[in-house]
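For reference, the structure is listed below as structure tokens.
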């Protein structure tokens, strides 16, 4: 049997997938970013994206990807990994790898944030999920049910809420007749009913989340609609964070592209139970901890 001496760590989300190839001793061999990987929304496309990233990373490192899988641990934290059948699909997609570990992207981010020790994580990006690792080893997970029924306050949710308010205004019964957001949404989705329905028919979480900069920019310019949407999202985040009962000894770490937008609101609620802005949360580091056996994977083989 070949020596297992490579680790492929993967962080797959609704907007992009990041993959890093290292030697087992931690020596970096390369890192790449690709398209979305969500095992609930589009498992086939997401798993195919991982394969493409592996082939590109191996080739860039001067390694034959067809041969090297037999000596590689694949450890992935993927959005939607808790969907029924995800573990079986993951194993079927990568039977050639020596070892396969599957977790959600939130779990690997938690481990990366706490270095595998007790603590909490609130990840705010295209989706929203909270994780808490307790001293007794118990894992608590809150939110993360997926857009549109869950992930309140997420990027996808904010875009969805903005569109809903805009459509009500367009129909003549919205709460805010004027907003800096409305003309930009019309430019994106279209002017006619057919254009709008066509956009909505194919839009995925990433497309809804792509509208968030419009909301943030409007709020920063004093726009009532933008401010109201961010305040509503912040209220969801504060409620979720409090439910994870962080403490000064076991702090809550913020992660995700939208975390800085809501840090101030969370600081007011959590005080010193919120980790400082300098505390990073790397899901790739968490995936590597699992690959090295420091922490268990979230999902065991089916």
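Annotations
- Considered as a group, the residues in the range 130-170 that are over 22 Å from the mean Cα position of the chain (by Cα) and either outside the structural domain of residue 250 (by TED's automatic domain parsing) or at pLDDT below 95 (or both) include one that is surrounded by the fewest Cβ atoms within 10 Å (Cβ to Cβ), and that residue is 136.
- Within this structure, residue 213 passes the test of being exposed (fewer than 14 other Cβ atoms within 10 Å of the Cβ), out of contact with any helix residue (DSSP H, G or I) (no Cβ under 8 Å at 6 or more places or on another chain), modelled with pLDDT of 95 or more and within 30 Å of residue 77 (Cβ to Cβ).
- Some residue of the range 270-288 being crowded, with 21+ Cβ neighbours inside 10 Å and over 20 Å from residue 128 (Cα atoms): yes
- Single residue of the range 256-274 satisfying the filter (outside any helix (DSSP H, G or I) and within 16 Å of residue 212 (Cβ to Cβ)) that is nearest to the chain's Cα centre (by Cα): 256
- Taken over the range 98-110, residues that are within 19 Å of the chain's Cα centre (by Cα) and modelled with pLDDT of 95 or more amount to 3.
- Complete set of residues in the range 193-214 that are touching a residue at least 40 places away in the same chain (Cβ under 8 Å) and more than 22 Å from residue 145 (Cβ to Cβ): 214
- Qualifying residues in the range 223-255 (those that are within 23 Å of residue 160 (Cβ to Cβ) and outside any helix (DSSP H, G or I)) - the one modelled with the lowest pLDDT: 255
- Filtering 114, 126 for residues that are farther than 19 Å from residue 212 by Cβ, buried (at least 17 other Cβ atoms within 10 Å of the Cβ) and at pLDDT below 95 leaves a single hit, 114.
- When the helices (runs of 4 or more DSSP H) confined to the range 1-97 are screened for residues that are surrounded by fewer than 18 Cβ atoms within 10 Å (Cβ to Cβ), modelled with pLDDT of 95 or more and touching a strand residue (DSSP E or B) at 6+ places or on another chain (Cβ under 7 Å), those reaching at least 2 such residues are found at 43-60.
- Qualifying residue in the range 161-169 (condition: in contact (Cβ under 8 Å) with a residue 60 or more places away in the chain, closer than 19 Å to residue 126 by Cβ and not in a helix (DSSP H, G or I)): no
The values are calculated or read from the model by the stated rules, or taken from the named source; none is laboratory data. The model shown is predicted, which means the values in this text are computed figures rather than measured ones. Positions of Cβ are generated from backbone atoms using ideal geometry, with glycine treated the same way; all protein chains shown enter the neighbour counts.
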